[in-house]
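Participant: Just passing along the structure, written as structure tokens.
Every read-out reported here was derived from the displayed coordinates using simple, explicitly stated rules and does not represent laboratory data. A quick note: this is a predicted structure, and the numbers were derived from the prediction, not measured. Here the Cβ positions follow ideal geometry from the backbone for every residue, glycine too, while neighbour counts run over all protein chains shown.
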Amino acid sequence: MTNTAAAADERAIVVGEAHWLSSAVLGALATFVVCFPAWPGHFGYDPLYAYRTSITGIENMVWPPVHAYMFWLSRHLGLGAGGLFAAQVFILFFSAALSLGLLLRRRALAIGAAVGFFGLFILVPPLFGVAMSQWRDVPTGSFAMLAVCLWLCASAQRDLRFVVGAAIALGISVSLRYNAFPLFALIAPLIVAQPFLGCAVSWRERGAAALALVLCLGLAVASVQWRLPDLKRVDAANTKFTIQLFDLLGVSACSNESFVPRQLTGGVTLSGAQVRELYDPRHAQLAYGPHAGVPELNLTVPQTERIIDQAWRKAIPTHLGCYFAHRNIVFVEQLGMEKHHLFYPVHGAIDPNEFGLKLAHPRLSAALTAYVVEASRQLWRRPFWLYAFAAAATLTLLARRDPRWVLCLAVLAGAYGNVALLYLIGPAADARYIFPSNVLCAFIIALAGGIVMERIATPHAGGRARSTLGGIRQVESGR
Amino acid sequence: MRYSRVTLFGAVAGLSAAIAACDQPEWRGLSVTEAVNGESHPQSSDPLPQPPAWLQPLQGQPLRAGVSKEVDCKGNAENVALIYAGQPNGVRIAGWAWGSDERAPPPRILIVDSSARIVGGGETGLERLDVPTALPEVTSNYTGWWALTSQLSGSVEVYGLMADGKSICRVGKLDL
């Protein structure tokens, strides 16, 4: 290798060999630590509903049905509910470990970074708490991580089949949640622009990547239109009114003037104090059910959705200040910036069910649940730090002209895109909703930590390259 | 390397300052108080809400006045869920209750002071999935209750008022 070539190598992302075995071992160890205490996974209402419809069939599209298909597959493979639980956790940690191995020059550093990635789940307890559950947010995050991993594998092997795999993983992730696409807002275009990171790519290869992505995203969209196995079209569920009612309650509480339609309160106009009694920025549904001194909201009156929609259209444009004040406080709760608590960092149990699903190790599960709840009270262990440090890490890589900043920026944009959309449409501040973006931020932080260690170990490695998209390229040597 | 560290810590410090720990906004009228016993409770600047209509004729009456029998309950008076600092002031307390004989939650809740007079009340119907998970004999997910009282200190006892309106069961005791 000439000096010039060596210098060029220093400026490139090292997308090297995949450490399949060590990544699999790390993934399996992390899976054991997460899954054993919570086996076969914590089940709340949503996952139990998905599990039920995996048996009875898809009835509506309130939740995307792919999660139910996953349960169906797990059961038909003889693995029960736990099979999906273990698989989603393994995919998460295996993909992260493999990706870190592909991006860092030394195996030991890659292993250290993968351990660091898992360490962030302990350090930021809502990550661990949510991973112990069967919430669909976990496979959404797992398949997002797998998509990044397969894209890096494609770059390492220069093999379009991995790009197709990345597109499939991306499609599965998007199909699991209605709001998941922003996770890939920059990753997807970058996969099309650079299906093999850093290598010269033909238009034909770009076209193939684009086609794979369009097909997989198209299938993701189709999955919430037509159900399996009969391919019958199921009407889209209208859940918009829940968000609109949440906004109306927030704006009313803020402005001390009720905009909640009287049809929903038995003809009573609520006072400001009554609305504040109902309103809870942690979850729209906390307004439902009995409340002290407030008529119960009746959401079964004819044309509830139209009534709420009309009230929303009337109130929000004239009270934008209060709308954003309400949205801000939901966001504050969601990211764990509220001083005194973090909402719903762990489910901690399997709800009563007709399937005989029970925790295998209830005491261990309870102990870990208590740990997650208690540790989540500490402000320095809240999810918002992940976003701060991931942004700082990406900025630092950019300032250092480390070519890996492009990948980090794409992943970071996905994480921020996810929470940005939730800011506008989130019906609740459950910690789980941001699990996929938390995972992406944790990945960036682990990678940045590995890069720092790489620089300490080999001070001239990695280079202060002037990177562009074209400057990111694969090298075969230098590991 | 120095540049890298400065950038990293500068960015983190800047972001941290921008997203410092947040209190509830003023318009929510909520704050967190430090109670005498060291437990913190959320506090609202709003007044104590109106009690349910069925409770109003019972306020101040002796608990045993219209009671025909006492039955068995499982349950607990767990905490002060909210302090109302407006006028009139008071507290909302919360817990769960399950009628062992009726195999249903008592629909109504009575709060009784140390002289066995009714000083508040509320209703069940709040979702409590943890209760049937921990106690399989409880078959309802809606054993949670709320109750309002203007009593701000001392001990109160909580009773469930069963569906017949004449039977009561003791749910628990709470130090305010």
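Participant: In debye, nearest 20, what is the charge dipole magnitude of the stretch A:346-426 about its Cα centre with +1 on Lys and Arg Cβ and -1 on Asp and Glu Cβ, if you could check? Please list the in-between numbers first.
Facilitator: Details: 8 positive and 4 negative charges, 72 e Å.
Rounded to the nearest 20 debye, it is 340 debye.
Participant: Then there's this: Extending each Cα 7 Å along its Cβ direction at A:HIS341 and A:SER202, get the distance between those two points in nm, one decimal.
Facilitator: So the two model labels end up 6.1 nm from each other.
Participant: Could I ask something else about it? Average partner chain C-beta neighbours within 10 Å, per residue of A:379-385?
Facilitator: That works out to 2 on average.
Participant: With the Cα gyration tensor of the stretch A:231-335 in hand, convert its eigenvalues to equivalent ellipsoid semi-axes via √(5λ) and list them largest first in whole Å.
Facilitator: Output for the stretch A:231-335: semi-axes of 22, 18, 14 Å.
Participant: Could you compute the net charge surrounding A:ALA375? Neighbours are other residues with a C-beta less than 14 Å from the C-beta of A:ALA375; K and R count +1, D and E count -1.
Facilitator: Values: positive: A:ARG377, A:ARG381, A:ARG382; negative: A:GLU374.
Overall, the nearby charge balance is +2.
Participant: Under the definition of partner shielding as Cβ atoms of other protein chains within 10 Å of a residue Cβ, what is the mean value for peptide B:127-134?
Facilitator: 4
Participant: Next up: With a 10 Å Cβ neighbour count serving as the proxy for reagent exposure, in which order, fewest first, do A:THR56, A:THR239 appear? Intermediate results must be reported in sequence, preceding the final value.
Facilitator: Values: A:THR56 9, A:THR239 16.
Listing A:THR56, A:THR239 from fewest to most nearby Cβ atoms yields A:THR56, A:THR239.
Participant: In addition: Under 8 Å for C-alpha pairs, at least 6 residues apart: give me the relative contact order for chain A, rounded to a whole percent. Let's see the in-between values first.
Facilitator: Values: 840 pairs, mean separation 120.9, N = 479.
After rounding, I find 25 percent.
Participant: A follow-up question, please. Using only Cα atoms, locate the centre of the stretch A:118-165 and the centre of the stretch A:181-230, then give the distance between them in Å, rounded to an integer.
Facilitator: Using only Cα atoms to place each centre, the spacing works out to 17 Å.
Participant: Quick one: which of A:232-238, A:437-443, B:155-161 comes out on top by average Cβ neighbours within 10 Å, and what's the full order, highest first?
Facilitator: Answer by packing, highest mean first, reads A:437-443, B:155-161, A:232-238.
Participant: Another question, if that's okay. Which aspartates and glutamates does A:LYS314 reach when only Cα atoms under 20 Å apart count, and residues fewer than 8 places away in its own chain are ignored?
Facilitator: A:ASP247, A:GLU257, A:GLU305
Participant: Quickly work out the B:TRP54-to-A:ALA236 label distance, labels modelled 7 Å from Cα along the C-beta direction, and quote it in nm with one decimal.
Facilitator: 4.3 nm
Participant: Between the alpha-carbon centers of the stretch B:88-118 and the stretch B:119-137, tell me the distance in whole angstrom.
Facilitator: 11 Å
Participant: What nm value, rounded to one decimal, do you get for the distance between B:LYS69 and A:VAL115 when each label is placed 7 Å out toward the C-beta?
Facilitator: Output for this residue pair reads 6.7 nm.
Participant: Right, another one. Reachable aspartates and glutamates from B:LYS166, Cα under 15 Å, same-chain residues fewer than 8 places away excluded?
Facilitator: Within the straight-line limit of under 15 Å, B:LYS166 reaches these aspartates and glutamates: B:GLU70, B:ASP72, B:ASP101, B:GLU102.
Participant: For the protein assembly as shown, just the Cα set please: Rg and Dmax, both in angstrom.
Facilitator: Values for the protein assembly as shown (Cα only, Rg and Dmax): 27.4, 100 Å.
Participant: So how strong a dipole does the stretch A:250-305 carry about its Cα centre when Lys and Arg Cβ are +1 and Asp and Glu Cβ are -1, to the nearest 20 debye?
Facilitator: Working: 3 positive and 5 negative charges, 9 e Å.
The calculation lands at about 40 debye.
Participant: Taking +1 at the Cβ of each Lys and Arg and -1 at the Cβ of each Asp and Glu, which of A:THR140, A:TYR344, A:LEU160 sits farthest along the dipole of chain A towards its positive end, judged by Cα position relative to the Cα centre?
Facilitator: Most positive-ward Cα: A:LEU160.
Participant: Dipole of the protein assembly as shown, Cα-centred, from +1 at each Lys and Arg C-beta and -1 at each Asp and Glu C-beta, to the nearest 20 debye?
Facilitator: For the protein assembly as shown, the charge dipole is close to 2100 debye.
Participant: For a protection proxy built on the mean count of beta-carbon atoms within 10 angstrom, sort A:418-426, A:302-310 highest first, please.
Facilitator: Values: A:418-426: 18.4, A:302-310: 14.3.
Going from most to least packed, we get A:418-426, A:302-310.
Participant: A follow-up question, please. Quote the FRET efficiency, to the nearest 0.05, computed for A:VAL25 versus A:ALA360 with a Förster distance R0 of 22 Å and r equal to the Cβ-Cβ distance.
Facilitator: 0.40
Participant: Continuing with the same structure: Could you tally the net charge around A:VAL301, taking each other residue with its Cβ under 15 Å from the Cβ of A:VAL301, Lys/Arg +1 and Asp/Glu -1? Kindly include the intermediate steps, with their values, before the conclusion.
Facilitator: Values: positive: A:ARG262, A:ARG306; negative: A:GLU296, A:GLU305, A:ASP309.
Net charge in that neighbourhood comes out at -1.
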